Every structure is written in C-alpha cells, then in structure tokens.
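Asker: The structure follows.
The values are calculated or read from the model by the stated rules, or taken from the named source; none is laboratory data. Model, not experiment: these values are computed from the prediction. All Cβ positions, glycine included, derive from the backbone under ideal geometry; neighbour counts span all protein chains shown.
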Amino acid sequence: MTAALVAGLVAGYGIAVPVGAVATYLVSLTARTSLRTGMCAALGVATADGLYALVATVGGSAVAAVLRPVLTPLRWASALVLLALAARGALSAVRQYRAHRLATRSGPPPPGPARAYLSLLGITLLNPTTVVYFAALVLGAGTADPVRPLEQGVFVLAAFVASASWQVLLAGGGALLGRALTGHRGRLVTALVSSGVMTVLAVRMVT
C-alpha cells in the first residue's frame, strides 16, 4: 500500500512538474482572470492526469500499443489546439489593449471556472505523452505479482493529488502575477509572451 502511494506521488509530480505549454497557459489564464478560475483549470489538468493514470494501471502495455499508430495525429491535434489558443489570446489582448479595457480586473473574464476546467481537461487529454508515461512507469515496475485493485486505486489517487497540488501552485503563481501586473501594458505583455511560448512549444511538438 505504501509503495503504491509513493509510486503514485512520484508519478504525479514526474508528469506535472516539467513546465510545458499547458502549465504556461494555466499561469496566463489565472493572471488574466482569477484564482478561482485558475484553480478550476488546475483541477482539469489534474483530472486528466488521474484518468490517464487509471487507464495506464488498468490497460498497461495494451494502451501504449493501441496509441502508437495514432500518436502523430494526436500530437498534431494538440499542437493545433495550442496554436489556436495562442492566436486567440494574442488577438484578444491586442484588441482589449487598443480599447483600453485591460486597466482593471472588472471586465468580463475570458472563461468562467467551469469552462476553464473543461478546457484544460480537454487540452491535457489530447497529450499522448501522459498516458505513455504512466504506462511505461507501470510496466517498468516489473513485479511478478498482480497489482490489487486497492493498490491501483491508491496509485491513481496519489498521482491525482500530486498533479493537483502542483497545478494549484502554478495557478497561485498566476494569481500573484496578475496582481503585480495591474496596468494594461503589463497585461498585454503577459498575454503576448504566453502566446509566443505556446506557439514555440506547439511547433516543437510536431517537429
């Protein structure tokens, strides 16, 4: 039981800590909206990680084998989604800057908490690296004894908690960033930098 708990925590932090496009978008989203919206988005990412951990523990090598033929289409789909988000964020920031609506936080937030949760859940689910990562981790354990359902549940829950704690930490950083950059120029720069980073990461994903 303890081994499953530790393995789940390590697995969750291992996939969550490296900062990529999803983390960048999460920080930017929280900075432009609110901590509540950012935390809901963070839980969307963690939910996807937990679902992939569940699929990996149940399916093992079969999941990785099924995904191999469609890794390229999934990677392209994920890159296109990131590019669309980057373009939308940049255009929205420029448009609001020209209209001088970014000087306060009282304007209508881009997405609400529920929409942010679903958006980040979908974006993370498009990333095939996550499920392959968890499948490889489970297979690499190399134990001859069958894994009991209770241990599988502990592993999945621990992976979810680890991912959620890190994503919420990123959202908190985004909220602090949003409070620091109160001027409309600062918000414009934040949005453009975030869009630029997401674009670079999307291009690297398919090259």
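Asker: Quick one: which of Val70, Val27, Val19 is assigned to a helix (DSSP H, G or I), at pLDDT below 75, of a type outside the set (S, T, N, Q) and out of contact with any strand residue (DSSP E or B) (no Cβ under 9 Å at 6 or more places or on another chain)? Steps first, answer last, please.
Answerer: Values: Val27 fails: at pLDDT below 75; Val19 fails: assigned to a helix (DSSP H, G or I).
None of the others qualify; the one that does is Val70.
Asker: Separate question: How many residues does segment 173-192 hold that are under 14 Å from Thr24 (Cβ atoms) and at pLDDT below 75? Step through it out loud before you land on a result.
Answerer: Restricting attention to segment 173-192, the residues satisfying the condition of being under 14 Å from Thr24 (Cβ atoms) are 173-174, 177, 190-192.
Adding the requirement that they be at pLDDT below 75 leaves 177, 190-191.
Residues that pass the stated criteria total 3.
Asker: Next question. Would you call Val94 at pLDDT 80 or above and over 30 Å from Val10 (Cβ atoms)?
Answerer: Details: at pLDDT 80 or above: yes; over 30 Å from Val10 (Cβ atoms): yes.
Taking the combined requirement at face value, the residue satisfies it.
Asker: Looking only at segment 156-172, decide whether some residue is over 30 Å from Pro73 (Cα atoms), within 22 Å of the chain's Cα centre (by Cα) and at pLDDT below 65.
Answerer: Scanning segment 156-172 turns up no residue that is over 30 Å from Pro73 (Cα atoms), within 22 Å of the chain's Cα centre (by Cα) and at pLDDT below 65.
Asker: Could you run through segment 32-46 and say how many residues are among the small types (Gly, Ala, Ser), farther than 14 Å from Leu169 by Cβ and either touching a Ser or Thr at 6+ places or on another chain (Cβ under 9 Å) or modelled with pLDDT of 90 or more (or both)?
Answerer: Start the filter on segment 32-46 by keeping residues that are among the small types (Gly, Ala, Ser), which leaves 34, 38, 41-42, 44, 46.
Filter once more, keeping what is farther than 14 Å from Leu169 by Cβ: 34, 44.
Imposing the further condition that a residue be either touching a Ser or Thr at 6+ places or on another chain (Cβ under 9 Å) or modelled with pLDDT of 90 or more (or both) reduces the set to 44.
Residues meeting the conditions: 1.
Asker: In segment 117-155, what residues are at pLDDT 70 or above and under 19 Å from Leu5 (Cα atoms)?
Answerer: Arg148, Pro149, Leu150, Glu151, Gln152, Gly153, Val154, Phe155
Asker: Anything in segment 1-41 that is small (Gly, Ala, Ser), crowded, with 24+ Cβ neighbours inside 10 Å, under 13 Å from the mean Cα position of the chain (by Cα) and under 26 Å from Val193 (Cα atoms)? List them, or say none.
Answerer: Of segment 1-41, the ones small (Gly, Ala, Ser) are 3-4, 7-8, 11-12, 14, 16, 20-21, 23, 28, 31, 34, 38, 41.
Now drop any that are not crowded, with 24+ Cβ neighbours inside 10 Å, which leaves 8, 11-12, 16, 21, 28, 31, 38, 41.
From what is left, the residues that are under 13 Å from the mean Cα position of the chain (by Cα) are 12, 16, 21, 28, 38, 41.
Ala16, Ala21, Ser28, Gly38, Ala41, listed by residue number.
Asker: Surrounded by fewer than 19 Cβ atoms within 10 Å (Cβ to Cβ), modelled with pLDDT of 70 or more, within 22 Å of the chain's Cα centre (by Cα) and closer than 20 Å to Val206 by Cα, is that true of Ala114?
Answerer: Working: surrounded by fewer than 19 Cβ atoms within 10 Å (Cβ to Cβ): yes; modelled with pLDDT of 70 or more: yes; within 22 Å of the chain's Cα centre (by Cα): yes; closer than 20 Å to Val206 by Cα: no.
Judged against the criteria, Ala114 is not a match.
Asker: Out of (1) part of a helix (DSSP H, G or I); (2) farther than 22 Å from Met39 by Cβ; (3) modelled with pLDDT under 75, the odd one out for His100 is which?
Answerer: His100 satisfies every listed condition except (1).
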